[in-house]
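Data block below; observations after.
Coordinate-derived values only; no laboratory data. Just so you know, these numbers come straight off a predicted model, no measurement behind them. All Cβ positions, glycine included, derive from the backbone under ideal geometry; neighbour counts span all protein chains shown.
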């Protein structure tokens, strides 16, 4: 193994993650904005229009000092009646990550596959 890879392996091997703190950090900001636009697009709203709707939500929430977490279905529907009750589910971090299932995506199966491929490449 190359010296740089050996050093990197030592660094990565000693990393520790505070999963609770990481999860709490996902409750802030606008991480689910694209997921909301995708929610509308899957219901037939042209993505450009869905992007504009969600952009308005983001701008107004930021102006109020709020983020997407804590919004109600009624609040979403006030912006656009095509938001369905499950729209709030799509902005949950677990759902958002799992929905990215294309190659290189963040879905758990994709991440496991990428890790396996990287491990195999290092072993060669």
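What the table shows:
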quantity	calculated
Separation between Cα centres of the range 1-65 and the range 77-124, rounded to whole Å	10
Added length on full extension, which subtracts the Cα-Cα distance from 0.36 nm per residue, residue 121 to residue 92	7.1 nm
Helix 3-13 axis, angle to the chain major axis (alpha carbon atoms, nearest 10°)	60
Within the range 67-102: backbone nitrogen closer than 14 Å to the residue 43 label point (7 Å, Cα to C-beta)	72-91
Residue 27 versus residue 10: modelled label distance in nm, points set 7 Å from Cα along the beta carbon direction	3.9
Gained length - residue 2 relative to residue 77, 0.36 nm times residue gap less alpha-carbon distance	21.4 nm
At R0 = 35 Å, FRET efficiency that the Cβ-Cβ distance of residue 109 and residue 64 yields, to 0.05	0.40
Mean ellipticity per residue at 222 nm, deg cm²/dmol - from DSSP H runs of n ≥ 4 across the chain, formula -39500 (n - 2.57)	-18500 deg cm²/dmol
Label corresponding to mean projected area of the Cα convex hull in nm² when calculated from the structure given, among [x] 9.5; [y] 10.0; [z] 11.0	[y]
Taking the chain and dividing mean pair separation by its residue count, relative contact order in percent (alpha carbons under 8 Å, at least six apart)	21
Acute angle (nearest 10 degrees) that the helix 47-63 long axis makes with the longest principal axis of the chain, alpha-carbon atoms	90
